[in-house]
Structures are given as C-alpha cells and as structure tokens.
Amino acid sequence: MRRLEGRVALATGAASGIGQATALAFAREGAKIVIADINVDGGNATLRMAREIGGEAIFVRTDVRRADEVEALVNEVVKTYRRLDCAFNNAGIVGKPTSAVECTEENWDKVISTNLKGVFLCMKYEIPYMIRQGHGAIVNMASVAGLIGVQRNAAYVASKHGVAGLTKAAAIDYASSGIRINAVCPGFIHTAMLGLLEAKPEREARYVSMEPIGRLGRPEEVAEAVVWMCSDAASFVTGHLMAVDGGLVAR
C-alpha cells in the first residue's frame with residue numbers, strides 16, 4: 001500500500017525544486033495532487049511529470065501573497081476532490097541577501113509577504129476544511145535559517161524564524177482537531193534557489209564545506225521527509241521542526 005493512497009495533497013511553490021519533487025513524491029505515493037505556483041510554465045511542467053508517472057493532478061496558478069488567490073486555490077481543491085488531507089506550504093523566495101541595515105523596505109516586504117504571510121494565508125484557508133473532516137496534515141517550509149542565524153540574510157532569516165514560530169503555535173491550536181502541523185528545515189539543497197552552481201563551482205564548494213555530510217542535499221531527500229510527516233507513520237508528530245540538513249545545525 002502506498003503511503004498516501006486515496007488522499008488529496010496540495011503543494012505550493014511546486015513549479016520547481018523541492019516543491020516539484022514533493023508534488024511528484026505525493027503522486028508516487030498515491031495521492032491526488034493539486035500543484036500551485038505563480039510560475040505557469042513550471043507548474044504545467046510539474047503537472048505533466050505527475051501525470052507521466054500515473055498521478056491524478058491539476059494545476060492552479062496562485063500567488064500566495066494574495067488572500068483571494070489562496071482562498072480560491074483551496075476552494076478549487078475541495079471543489080475538484082471533495083477533501084484536503086495534506087498540504088505542503090512551500091512557496092518562498094530568498095530575496096536580496098543583505099544585513100538588516102542594508103535591507104530595503106521593498107525587499108523586506110517581498111520576502112516576508114511570500115515566505116511568512118504566504119504560509120499564514122495557506123493555513124488560514126486550509127485548516128477550516130481539515131477541521132470539518134476531523135483530520136489533516138500540514139507541512140510548512142522553513143529552513144535551517146529558521147533554526148539558526150545566517151550572516152547577511154536578515155529578511156530571509158526573519159521570515160523562516162517566523163514560519164517556525166507560526167508552525168508551533170498552530171500545531172498547539174489545532175492538535176485537538178486532529179490536525180498535525182510540522183515544518184521542514186532544509187540545509188543547502190541543490191536547487192535554483194542556490195543560484196547557478198554549475199557556473200560558479202567555488203560557490204558550491206563553499207556550501208559543501210559547511211555540510212558535515214560532505215555534499216549538497218537533493219530536493220527528493222526533503223520530499224521524503226515531507227511525505228513521511230504527511231503519512232500515518234508520523235501520527236504522533238506535531239509542532240516539530242525537522243532539519244534535513246546533512247548535519248549543518250548539529251555543527
């Protein structure tokens with residue numbers, strides 16, 4: 001039996017990277033999936049990939065910074081599949097890496113509204129449906145930057161610490177409603193968010209040097225953690241911030 005057989009899963013930021021890998025993992029594990037992203041071409045590419053491996057899926061173009069679009073997304077999930085069992089609130093950006101003083105108000109607002117407000121809005125509209133069902137599993141995208149400080153990345157670190165706190169608060173609020181809410185905290189994962197590493201091997205070497213495991217992570221490795229947290233195997237896990245980081249935080 002596949003771990004998410006017969007369930008309905010939503011993944012935001014699923015046009016590429018960890019979001020795409022997780023959407024495909026949801027499909028592989030038997031879930032009907034809803035792919036959401038502001039990137040239409042990438043979202044449709046993920047949709048094709050999911051269907052190629054036998055998954056049942058739809059794509060909904062969504063800007064998670066807008067409450068009306070997030071509400072419409074969740075309504076479309078329920079309209080199409082009549083339920084929402086799992087959600088991976090993953091959409092996020094790095095923004096411009098700067099110190100707090102150098103960070104512009106525009107950069108701050110963009111990062112916070114995408115990474116933190118976006119997660120808040122997703123939960124705001126996902127949780128009521130899960131309450132009616134009496135169950136649900138939500139995984140939010142945090143980061144090792146939500147567990148530790150990172151030099152010259154003030155807005156991003158603040159946004160991810162916010163996701164960590166929001167996850168724990170919501171987990172406590174809705175545990176009695178049968179809803180588990182956790183967060184995944186990746187380390188350095190080989191995705192477009194790290195930049196074009198192939199063109200700058202010295203940058204990759206710097207990231208690898210920070211990982212005790214001696215390599216970058218793969219999006220699929222984070223996806224496996226998300227699937228596990230959404231599955232019945234994690235039935236007693238809520239309010240947890242899971243580092244998938246090759247030992248980076250332990251160092």
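We did not get these values from a lab; they are worked out from the coordinates using the rules stated. Since this is a predicted model, take the numbers as computed values, not measurements. All Cβ positions, even for glycine, are placed from backbone atoms using ideal geometry, and neighbour counts span all protein chains on display.
With an 8 Å Cα cut-off and a minimum separation of 6 or more residues, compute the relative contact order for the stretch 66-120 in percent.
Details: 23 pairs, mean separation 19.2, N = 55.
RCO, the stretch 66-120: 35 percent.
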Cut-off under 5 Å, modelled amide H: who pairs with E56 long-range: I33
Distance between modelled label sites at R48 and R152, nm, 7 Å Cα→Cβ extension: 3.9
Note, ³J(HN,Hα) from phi for the stretch 168-175, Karplus 6.51, -1.76, 1.60, rounded to Hz, x at Gly and Pro: 5, 5, 5, 4, 5, 4, 10, 4
From phi via Karplus (6.51, -1.76, 1.60), per-residue ³J(HN,Hα) for the stretch 55-68 in Hz, x at Gly/Pro: x, 9, 8, 9, 10, 10, 5, 8, 9, 5, 7, 10, 4, 5
Cysteines without a disulfide-compatible partner [the chain; Cβ-Cβ under 4.7 Å]: C103, C122, C185
Calculated P(r) tail over 19 Å for the stretch 182-251, as whole % of Cα pairs: 39
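In whole percent, what relative contact order does the chain give with Cα contacts below 8 Å and a gap of six or more residues? Mind showing how you got there, number by number?
Values: 522 pairs, mean separation 47.4, N = 251.
For the chain, the relative contact order is 19 percent.
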Whole-Å distance, taken between Cα centres, linking the stretch 75-94 and the stretch 136-215: 20
Segment A192-E5, extension gain: residue separation times 0.36 nm, minus the distance between their alpha carbons: 64.3 nm
Spin-label pair Q133/S176, simplified geometry with 7 Å Cα→Cβ offset, distance in nm: 2.2
Pairs of alpha carbons in the stretch 8-244 whose separation is greater than 32 Å (percent): 14
5 angstrom amide H check on G217, placed H, neighbours 5+ away: F188, I189, H190
In order through the stretch 98-112: 3J(HN,Hα) via Karplus (6.51 cos²θ - 1.76 cosθ + 1.60), integer Hz, x for Gly, Pro: 8, 6, 4, 5, 7, 5, 7, 4, 5, 5, 4, 4, 5, 5, 5
